[in-house]
Amino acid sequence: WQGGDKRMGTPVREWLQRLKVEDPEEFERLMELRRSAPAQFRREIHQQLDKRFGKAGTEAASPGDKEIGRLASAYRQAEGEQKEALRQQLEARLRKTFDENLQQRRQALERMSLQLEQLRTMLEQRQKQRDSLIQKRLDALTRDPNPEQ
């Protein structure tokens, strides 16, 4: 899979590209499922996207986002001391949600850093094996398809 399967809609392609970076193991599991059981792959992709984006195709609100919305609505309708108390609650919830999102991004960065290190290691190994890999490929390309017996 190179991210260009035109049979899949853009949200699916974008989600898979993001998954490839953020969770390579899950990405590989899904690609194997796609090869071995396409119908099951499609069902699972739809379930994953429904969980992540909701039925309408937009990011589903997290419980924190829902709470923020509820507090903001209550704040707009409140007056006096109640308004100030709601503002403090809203600020606390915004801080907590921000910190949770920041932590998720840190974890994604850690996964990407690990993947980058693995790619660097692979590149170094291929560089060390450069001559033998070229020779093997040259041998395969120039091998006589009908050797005399």
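What to note about this one:
- Of all residues in region 27-71, those that are loosely packed, with under 12 Cβ neighbours inside 10 Å, modelled with pLDDT of 90 or more and in contact with a helix residue (DSSP H, G or I) (Cβ under 8 Å, 6 or more places away or on another chain) total 1.
- Every pair of residues 6+ apart whose Cβ atoms lie under 6 Å, when the first sits in region 29-43 and is under 13 Å from L16 (Cβ atoms) while the second is surrounded by 11 or more Cβ atoms within 10 Å (Cβ to Cβ) and among the basic types (K, R): F41/R34
- Any chance L71 is out of contact with any Ser or Thr (no Cβ under 7 Å at 6 or more places or on another chain) and farther than 30 Å from K20 by Cβ: yes
The values are calculated or read from the model by the stated rules, or taken from the named source; none is laboratory data. For clarity, every value in this text was computed on a predicted model and none was experimentally measured. Positions of Cβ are generated from backbone atoms using ideal geometry, with glycine treated the same way; all protein chains shown enter the neighbour counts.
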